Amino acid sequence: MKVVLSTFWVACCILVQLCFATGASNIVNRHSGNFPRNKETPSYNNVLKTSQQVQRKEAPDLMTLTSELGLKAFYLFVQQAGLATMLRGKGPWTVFAPTNSAFDRLPQDVKAALADPGVLNRVLLYHIVPKELKAGSLQNNKVITTANNDTVMANIYEDQEAGQDRVLTINGSPVYKENQMARNGVLHIIDKVLFPLTTGTALQYLRQDNATYSQTLKLLEVAGLNNTLNDTTGHTFLLPTNAALEKLDPAQLRHLMNDSRTASQILKRHILQDVIFQAGFYDNEKIKTLEDNNEELTVLVGPGGMELYGNGTFSRVLVADVPVSNGVVHVVDTLMFKP
């Protein structure tokens, strides 16, 4: 037994000496940071990249992924519109896919309109972008061109001090699941069906419905704010309807229509400095307006919807999240004005 152990010990010593004699310079190089690399040995980054490429190739296409994620309504509509081949093709594509409940919540007249192949095709293409956009590449107020050459807006809201978690929205629709990867692109699940129905600026949006906003348009002209509603700077517009203005005493309304300074001061209170869709507000938030004295509004968010409080007046949001080319419109039921 001792002989065996001795022989083994001698063999180990010889092996160590041989290694030291032939590899000393390599050992020194390793400790000095100069690692000799076999040209046939791939680097870690190359191995990782190759692994990711293999995983991407093995991933399902976007159409199959839609089915696997249980997005039945979107899947069936895509098939109905004849767009399945596109989402199985090379890509890359980005898909903003609404949940089944988002389709269920659509009014009956809208559901009926989707039976028109042309309408359905345009609506679905509005959810598809002809390039890959992961969530991390989206910045606040980023305008994205869709497959039918319309645009959607991405927004990111986060206020850690106020306890607001990060919220990513597309045209105001919260993204529930980000970065669902397919071999030919990426899919994000959203909470609303997007519609390319509004075009132009906030001012152009009002002019498309003169019956609802004729008095509002007159007051904006008196206030000298048409350019603000028509320029390219992104804002949030809290726009009252004719009915909202008619809540005022007739004499007060006539006075505003002839007092440009007061009209400007009041309407600037209805324009926020940034683009904020409904999902970006949180309860009791203080928000800055364009009013000259930097007055803040208070946002009240509850199960019944959203209200704003300013100048001693509450104003309820009737219609939220109307995307326009220079921001977003929220239609309100009361002018925030207390004589």
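The values are calculated or read from the model by the stated rules, or taken from the named source; none is laboratory data. This one's a predicted model, so the numbers in the text were calculated from it and none came from an experiment. Counting neighbours? That spans all protein chains shown, and the Cβs are built from the backbone with ideal geometry, glycine included. Just so you know, the surface numbers come from the protein's heavy atoms only, side chains and all, with ligands and any DNA or RNA stripped out. Shrake-Rupley method; radii C 1.70, N 1.55, O 1.52, S 1.80 Å.
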Only Cα pairs under 8 Å and at least 6 apart count here; give the relative contact order of region 213-339 as a rounded whole percent. 28
Accessible carbon and sulfur surface of region 200-297 relative to its total accessible area, %, 1.4 Å: 42
Ordered by packing density, taken as the mean number of other Cβ atoms within 10 Å over each peptide's residues, highest first, how do 245-252, 90-97 rank? 90-97, 245-252
From the convex hull of the Cα coordinates of region 222-333, what is the mean projected area in square nanometres? 6.8
Roughly how many Å² is the accessible area per residue of region 186-326, as a whole number, for a 1.4 Å probe? 45
Measure off, as a whole percent, the carbon and sulfur share of the 1.4 Å-probe accessible area of region 70-157, all protein chains present. 55
